[in-house]
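> Attaching a single structure in structure tokens format; questions to follow.
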Amino acid sequence: MALLGTLALVLAAVFAVCCVLLAAFVGSLLYMVVLHHWLKSRGLARERALLATPLPPDAELPHVVVQIPSFNEGAVLRRGIEAAAGLDWPRDKLHIQVLDDSTDETAELARTVVAELREKGVDAVALQRTDRSGYKGGALHEAMQQTPYDYFAIFDVDYVPSRDFLRTCMRPFFAEPATAFVQARFDFLNPHENALTEMQMVTLDAHLGIEQATRCWAGHPLPFNGTCGIWQRAAIEAGGGWKGDTVTEDLDLTYRGWVKGWRALFLTSVPVPGELPADRKTWLRQQQRWQDGFRHVSLRMVPAILRSRDITPWAKAAALLHLCMSLNQLALLVGLVSGLVAALLAPSLIPWLLTLFLVTFAWVLFCATTFLRAGHNFIRGGAMSPGHFALVLLRYVGGQIAMLTRSLGVHLVKAVNRPKPIVFDRTPKRGA
């Protein structure tokens, strides 16, 4: 009995530590909201100044390569390619690369659309690989070797940039030539299609409007969002190039370049609409891929960040907190299991365990609500009523529970089976 009592106390201590870790991770979102309001005036003023930078005459503008990765996404392929071909940039300096790894009829459609554009005088090419080595990162790496130019605008195939995208987003490179990439804020074509897309709109607005904007303003590492941005070759090469050994090649290259001293810019005022996954299964697969990608990049980059002598302690702390955010799910899983077992072994601990759980849950809910509402207010001007927002918040909580359940299943499968090779599970788009 004494042994069981000791084990229960140890598990209760583990539960308490997990609660503290979870509270700290989620509390960082509240810190970002405070920092956002502190820096917003200066950050937006700097953005306006950079976007007011005059462009050189057309004859002196650089060549820009527009890269459009695609995999079995025929429903949105034509729309995405034609939007890229319609960008306002000197015709002889705009180059379209369709990076198509499709294994279905999309491959033939890509060749057809590219041929139509070439007949109209557009420099477009379909780069179609016989295998998906490196997935999206591999496709970007191979495509970059096919051109001598220095600027690469990257759009997932379901995104539809406005005609003036390049005329707007290339300006900061002339004001600050050492910029690694310029990231536009992606927006949504179908935010009100159903309850799931509406919830995604609110959560992604908070990510982009609060996290990404504030990281940029504060000088914290700014992750590339994988689409709707322009990289310059020198930064890509300095970071070691695109790699396909993680499922978040964008986050990976961002941190490899950041450790080498390259910094980036996030533009809150330049939206580029794309399509949100509208079914729960697809969304959960996307979230799992992002979680896995954070873990892959954390294992690779944390040692390099700690060893660096060129990064300030404050910047290191910001980077480590960001990379380790995926641990909140692990803390929750371990905490719940240890707390439940401790309660079963020692029922006398239940009041204490329940109190700590409720306090942690209330804190997490408060931080998440503040974070999500702040993002919505900043991006959408608070258009959603408090009552409607409360419903969206409930869906968010349900989504987190679904993600936790899926993650637990994934980890259990991995525990009883051999680890499988990394597979990039691309989020399919319907073109609705």
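Here, each number is a calculation from the coordinates, and none is a lab measurement. As the structure is a computational prediction, the values presented were derived from the model and not from experiment. Backbone-built Cβ (ideal geometry, glycine too); neighbour counts: all protein chains shown.
> Considering amide H positions built from the backbone, and no H for Pro or chain starts, which residues 5 or more places from Val270, or on another chain, come under 5 Å of its amide H?
Correct list: Arg185.
> Answer with a single label: of (1) 0.99; (2) 0.96; (3) 1.03, which was calculated as Rg/Rh (Cα atoms, Kirkwood Rh) from the structure in view?
(1)
> Pick out the long, greasy-scoring helices in the chain: whole DSSP H runs spanning 24 Å or more along their own axis by Cα, mean Kyte-Doolittle at least 0.0.
Span-like helices in the chain: 2-51, 327-345, 350-380, 386-416.
> Write down the percent of antiparallel bridges among all DSSP beta bridges whose residues are both part of the stretch 53-283, to the nearest 5.
Taking every DSSP beta bridge within the stretch 53-283, about 20 percent pair in antiparallel fashion.
> How much of the DSSP beta bridge set in the chain is antiparallel, as a percent to the nearest 5?
Expressed as a percentage, antiparallel bridges in the chain total about 20.
> Given charges of +1 on the Cβ of Lys and Arg and -1 on the Cβ of Asp and Glu, with all other atoms neutral, how large is the dipole of the chain about its Cα centre, in debye to the nearest 20?
Dipole about the Cα centre, nearest 20: 1160 debye.
> In whole Å, how far is the Cα centre of the stretch 288-329 from that of the stretch 222-276?
15 Å
> To the nearest Å, what is the center-to-center distance of the stretch 346-406 and the stretch 49-103, using C-alpha atoms only?
Cα centroid to Cα centroid, the span is 40 Å.
> Using r as the Cβ-Cβ distance of Arg280 and Val20, and R0 as 30 Å, what FRET efficiency do you calculate, to the nearest 0.05?
Approximately 0.40, to the nearest 0.05.
> OK, next. Distance check, please: which entries in Lys243/Lys316; Lys93/Lys260; Lys120/Lys243; Lys243/Lys281; Lys40/Lys93; Lys136/Lys316 exceed 25 angstrom between their Cα atoms?
Pairs exceeding 25 Å: Lys93/Lys260; Lys120/Lys243; Lys243/Lys281; Lys40/Lys93; Lys136/Lys316.
> Return the inverse of the average 1/r over all pairs of distinct C-alpha atoms in the stretch 1-130, which is the Kirkwood hydrodynamic radius, in Å to one decimal.
Here the Kirkwood hydrodynamic radius works out to 20.1 Å.
> While we're on this one: At 222 nm, what helix-only mean residue ellipticity would the chain give, in deg cm²/dmol to the nearest 500, using -39500 (n - 2.57) for each DSSP H run of four or more?
Helix-only estimate at 222 nm: -19500 deg cm²/dmol.
> Evaluate E = 1/(1 + (r/R0)^6) for His63 and Asp310, where r is the Cβ-Cβ distance and R0 equals 56 Å; express this FRET efficiency to the nearest 0.05.
That gives a FRET efficiency of 0.95.
> Between beta-carbons, use under 14 Å as the cut-off and find the net charge around Gly387, counting Lys and Arg +1, Asp and Glu -1.
My count for the surroundings of Gly387 gives +1.
> Here's something else I'd like to know. Could you tell me the center-to-center distance, by alpha carbons, between the stretch 126-166 and the stretch 20-40 in angstrom?
35 Å
> Take the chain, connect every pair of alpha-carbon atoms lying under 10 Å apart with a spring to form a Gaussian network, then pick out the residue of Phe224, Phe357, Phe173 with the largest mean-square fluctuation.
Maximum fluctuation in the GNM of the chain, among the listed residues, is at Phe357.
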